[in-house]
Every structure is written in structure tokens, then in C-alpha cells.
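Just below is one structure, and these are the notes that go with it.
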Amino acid sequence: MTNQLDKKSQAWSALFSEPMSELVKRYTASVFFDKRLWQADITGSLAHADMLAAQGIIAAQDLADIQRGMALITHEIESGAFEWKLDLEDVHLNIEARLTQLVGDAGKRLHTGRSRNDQVATDVRLWLRSEMDLIIDLLVDLQKSLVEVAEKHVEVILPGFTHLQVAQPVSFAHHLLAYVEMFSRDAERMSDVRRRTNRLPLGSAALAGTTYPLDRERVARTLGMVDEAGNPQVCQNSLDGVSDRDFAIEFAAAASLCMVHISRMSEELILWMSQNFGFVKIADRFTTGSSIMPQKKNPDVPELARGKTGRVFGHLMGLLTLMKGQPLAYNKDNQEDKEPLFDTVDTLKDTLRIFSEMIGGQVNPATGQKEGGITVNADAMEAAVKKGYATATDLADYLVKKGLPFRDAHEIVAHAVKAATNHNCDLSELPMAVLQGFHASIEKDVYEVLSLRGSLNARKTLGGTAPAQVKLQIARHRARLV
Ligand code: ARG
């Protein structure tokens, strides 16, 4: 069987008087990265062929041949036997050429009413949709890991910082749950992007639609491109359909924001692991030694995640710049959307996986229990809170409850902190007589207020750090993250 696509790779058609140079071939080809879209490409083609047959545009026998050929190709690709050819430029032409080789004329009929422009836009959407589903699952896993660790540390007191200065005591669990909020918004954002990704460009053809009586809604339904109510979601303007890459940019933006959260957590882990803090340890398998300093255990994983955040931001910028100023409709520029998108997905997935495990540990198959997550040094955390007069606000609030205006109370407490600094002790260690010297209304019950635990328990507003509140939040997350 002669393969016209193979011939075309020498010169596209009778119109061309010379073949492409090797350099241009290499420059314009995308097969070595876009072959990753093969499954989406076959799925999209099968849905298109099924519709062509249903509309009587191709014969039932053609459809059967195409299905048989695609099954063979799937097997060849999965087993590694498929021969990807640079001469055939991209994943689409490689698969179509092989199909024609395997099933003859039916293969040549597949491209009826279709262009690679709407084909590639469909493939990328299908591929990204399934990757986003995996990412949402990974975000759920990470949240679960954080909630599990939080559950065990509700009563552990961490210095809450503002400006990286000790501010007020907070529950360590409360701190972890702040990240759960961030990752839950990330998952929400991914689902939102998924909705706009899950729309069908196929049927836009090259740019203007096609003369064949296509049933685009049938294709959308076959591909699961439907809304919550099951209504098919089809790109409604052919020019926009082939050229829109908003979904890719939105995804890269959502991924970037997720990496912002990862980088914040990384930074905190790095600080907390340093000798100066000593708040947590991460398992050895997430750290590395130094080739020169034998005492070192470096937090390479959080550091690298912090670094990879920059790389993902770069992809977002790359995609935005790629689309900026492009005239309608499809331009070859768009081929450059893939590598940043692929790398964003890979980086994000690996990062989320590794963080889930680093925080929450791994299930030991022998015990069914998770092991090897972060270890928490509650004593070091508590010692650090005590260094910073973290209950000063509590003393001010105490005076306010005794009838003082807040600003006056604030001033009085500043004097008390100064006295404690001079005595080299915590506010709670100042003798009653000294405290009463600041204001006569101070009584013995102040010591409970000045204790770390008293301070923590008192912050029981919704979303506050009181263990009672934190437990409610944990229960809410547990119910949500099934
Ligand atoms: N490999 C191309 C891409 O990734 C497929 C579409 C090519 N279309 C075209 N008219 N050259 O964008």
C-alpha cells in the first residue's frame, strides 16, 4: 500500500517543488514531544469516525476498519513497537499514516471534515482534562496528609509569626490547616478550569467550519465533553475553537498559584528544620548530605520545590507570551503550547506526590499504618513561643475586659513587656506585685490568661486557633475529603 502521507513528507503535495531541508524538518516537527498525546488523539479520531459513519459521510465498513486499525496502533504504541517518524512531523500525521498503512482507504477517509487545527486543540483539551483529574486527586491526598498530621497535633503550640517575629501562640494543627485551605482552593480552581477545558473544538475544521453535515454535539457526548446536566459542550465559534488556548493559560495560572502555596510551605519547612528552629524533622529519604560537611542533612526536596515554582511561573509567562498578539485563527506558534504545558503537569504532579508523602508518610503494607511523615518537636516550638512575649495581646485584652480602652491597655502592656525584658523573664513569670504596679485591676486570674494554653483556648472565634475550633475544622475537612 502506498502511503500518501509518507510521500507528502518529502514535499507536501504536487504544489511543492522541493522537499523540506533536514534542519527545517527538525525545527518544525513536534512528534518527539507531542507523541505523548497519542491516546487523546486516537480517542478523538474514533469519536470523529463514529460520527462520520452515523451521519452517512463514511461507510459503516470504513468505521469498522478505522476501529480495527486504531486498536492495532494502540497495541503497537503500548508495546513500544510503533515507529515514530520525524518525517511525519507530529503525532497526528504519524498515527494517520500508520492507520492508512494498516487499513487502506478507510484510513484516508478519517480526516474528512477535520483539520489538524481542530484535532490538536481537541487532543490537548482531552489530555489536560485527564491530567487535571489526577491533579485534583493528588491535591486531595495532600490535604488528607495535612489533616492527619494536624489531628495529632491540635494541642501542640507553635509560635505564630508576623514579620517572622513571635506574635501569638497558635496550634500547630491550625497552622497546617491554613495550607489545607490553600490546597482546597487549588483543587477548586482546577475543577473550574476543567469546565472550560472540557469543550469541543473538533468540527471547527481548519478555521471556518466545514461543508460536511457533522454532528458536533454527538462527538462532544462521545468524548464526555458535557456539563453537569449532561449537555454537550461545543466551542461555538470555529475561529475561536481552533485558536483558543485560554484553558492552557488558566491551567498554568492555577498550577502557578498551587506552586506558590508549595513554596511557602517549603520555606517554612526549611526554616523549621534549621538548627535555629528545630521544630520539625523530615524523613532522611527527603534530605541529602553534603559532600564536604559530614554533619549536614539538607532539605533538598523543599528547596527544589521552592525552585521549581519559578519554573512553573516561567511556563505561565511563556504561554501568555505565546498567545499575545496572535492573529486569528490557528498559527504554528501554537505548537509551542505543549512543552510548557507538559512540564507544568509533570512538575506539579511530582511535587504534590512527594509533599503528601513527606508530610504524611507512606502506608506500611505490614501494618496498614502511615509511617515516615514529619516529626514534630513540640518542646522546641513551645520554648520558642516563650521567647517572644506571645501573650502580650492577651494581657491587653484582659485589661480591656476590666474596662480599660484598648489603646490604654496596649500602652500598659508595652511597659509590662519592658519590665519582663529587664527581669529576663516571660510576662507570666512577673510577680503579682509587679503586675499590679501596671494596673490595679490586675488580679490572680491573669496568670491563666498569660499562659500559652489559656491564650490558645481563648481564641475560639470561628476560624480561630482554639483547640475546640481546630477540632471542628478537622471534622469539616474529614467530611469533605472523603
Ligand atoms: N503539530 C501541530 C500543533 O501542535 C498540529 C497542528 C498543525 N496544523 C497546521 N496547520 N500546521 O499545533
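Within the stretch 89-101, residues that are at pLDDT 95 or above sit with their Cβ atoms under 7 Å from residues that are among the acidic types (D, E), at 6+ positions apart or across chains, in these pairs: D90/D34; V91/D34; V91/D41; H92/D41; I95/D41; A97/D6. For the stretch 423-458, a residue qualifies if it is closer than 30 Å to Q143 by Cα and either touching a residue at least 24 places away in the same chain (Cβ under 8 Å) or over 43 Å from the mean Cα position of the chain (by Cα) (or both), and the qualifying residues are L452, R453, G454, S455, L456, A458.
Just to check your reading of the model, which residue among S441, S451 is more than 14 Å from P169 (Cα to Cα) and either surrounded by fewer than 21 Cβ atoms within 10 Å (Cβ to Cβ) or at pLDDT 95 or above (or both)?
Values: S451 fails: more than 14 Å from P169 (Cα to Cα).
Matching residue, one of S441, S451: S441.
Mind telling me which of the residues L142, L177, L128 ends up being crowded, with 17+ Cβ neighbours inside 10 Å, over 28 Å from Y330 (Cβ atoms) and in contact with a Ser or Thr (Cβ under 7 Å, 6 or more places away or on another chain)?
Values: L177 fails: in contact with a Ser or Thr (Cβ under 7 Å, 6 or more places away or on another chain); L128 fails: over 28 Å from Y330 (Cβ atoms).
On inspection, the qualifying residue turns out to be L142.
Scanning the stretch 251-266 for residues that are touching a Ser or Thr at 6+ places or on another chain (Cβ under 8 Å), surrounded by 19 or more Cβ atoms within 10 Å (Cβ to Cβ) and not small (G, A, S) turns up F251, M259, I262.
When M381, M317 are screened for being at pLDDT 95 or above, buried (at least 21 other Cβ atoms within 10 Å of the Cβ) and either part of a helix (DSSP H, G or I) or not aromatic (F, W, Y) (or both), only M381 passes.
Looking for whichever is in contact (Cβ under 8 Å) with a residue 12 or more places away in the chain, touching a Leu at 6+ places or on another chain (Cβ under 9 Å), in a loop (DSSP other than H, G, I, E, B) and surrounded by 22 or more Cβ atoms within 10 Å (Cβ to Cβ) here; the options are G203, G241. Which one fits? Step through it out loud before you land on a result.
Details: G241 fails: in a loop (DSSP other than H, G, I, E, B).
Going through G203, G241 in turn, just one is in contact (Cβ under 8 Å) with a residue 12 or more places away in the chain, touching a Leu at 6+ places or on another chain (Cβ under 9 Å), in a loop (DSSP other than H, G, I, E, B) and surrounded by 22 or more Cβ atoms within 10 Å (Cβ to Cβ): G203.
Identify, please: which residue in the stretch 191-200 is assigned to a helix (DSSP H, G or I) and of a type in the set (D, E, K, R) and is, among those, farthest from the ligand (Cβ to nearest atom)? Looking at the filtered set, the residue picked out is D192. M51 meets all of the listed conditions (1) within 15 Å of the ligand (Cβ to nearest atom); (2) in contact (Cβ under 8 Å) with a residue 24 or more places away in the chain but one, namely (1).
Here is a yes/no grid of residues against (1) within 24 Å of V280 (Cβ to Cβ); (2) basic (K, R):
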position	(1), (2)
K308	yes, yes
N331	no, no
G361	yes, no
E371	yes, no
A380	yes, no
A390	yes, no
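Pick from the stretch 384-427 the residues that are surrounded by 14 or more Cβ atoms within 10 Å (Cβ to Cβ) and polar (S, T, N, Q): which of them is nearest to P159 (Cα to Cα)? Across the stretch 384-427, the extreme among qualifying residues is T391. Please determine whether any residue of the stretch 353-373 is within 16 Å of the ligand (Cβ to nearest atom), among the polar types (S, T, N, Q) and at negative phi. No, the conditions are met nowhere in the stretch 353-373. At least 1 residues being touching a His at 6+ places or on another chain (Cβ under 7 Å) is the threshold, and among the helices (runs of 4 or more DSSP H) wholly inside the stretch 385-479 those reaching it are 392-401, 406-423, 432-438. Quick one: in the stretch 84-108, of everything that is of a type in the set (D, E) and more than 13 Å from L72 (Cα to Cα), which residue is farthest from the ligand (Cβ to nearest atom)? So, considering only residues that are of a type in the set (D, E) and more than 13 Å from L72 (Cα to Cα), the one farthest from the ligand (Cβ to nearest atom) is D105.
Taking residues in the stretch 328-339 that are near the ligand (Cβ under 7 Å from one of its atoms), and partners anywhere that are in a helix (DSSP H, G or I), the pairs with Cβ atoms closer than 6 Å and at least 6 places apart or on different chains are Y330/N117; Y330/V242; Y330/S243; K338/F33; K338/D34. Looking across A121, A81, one residue alone is closer than 21 Å to F32 by Cα and either in contact with a strand residue (DSSP E or B) (Cβ under 7 Å, 6 or more places away or on another chain) or within 12 Å of the ligand (Cβ to nearest atom) (or both). It is A121. Report yes if L146 is modelled with pLDDT of 95 or more, in contact with a helix residue (DSSP H, G or I) (Cβ under 6 Å, 6 or more places away or on another chain) and over 30 Å from A458 (Cα atoms), otherwise no. Here the answer is no, as L146 does not meet what is asked.
The values are calculated or read from the model by the stated rules, or taken from the named source; none is laboratory data. Just so it is clear, the structure is predicted and the values come from calculations on it, not from any experiment. Every residue, glycine among them, receives a Cβ derived from its backbone with ideal geometry; neighbour counts consider all protein chains shown.
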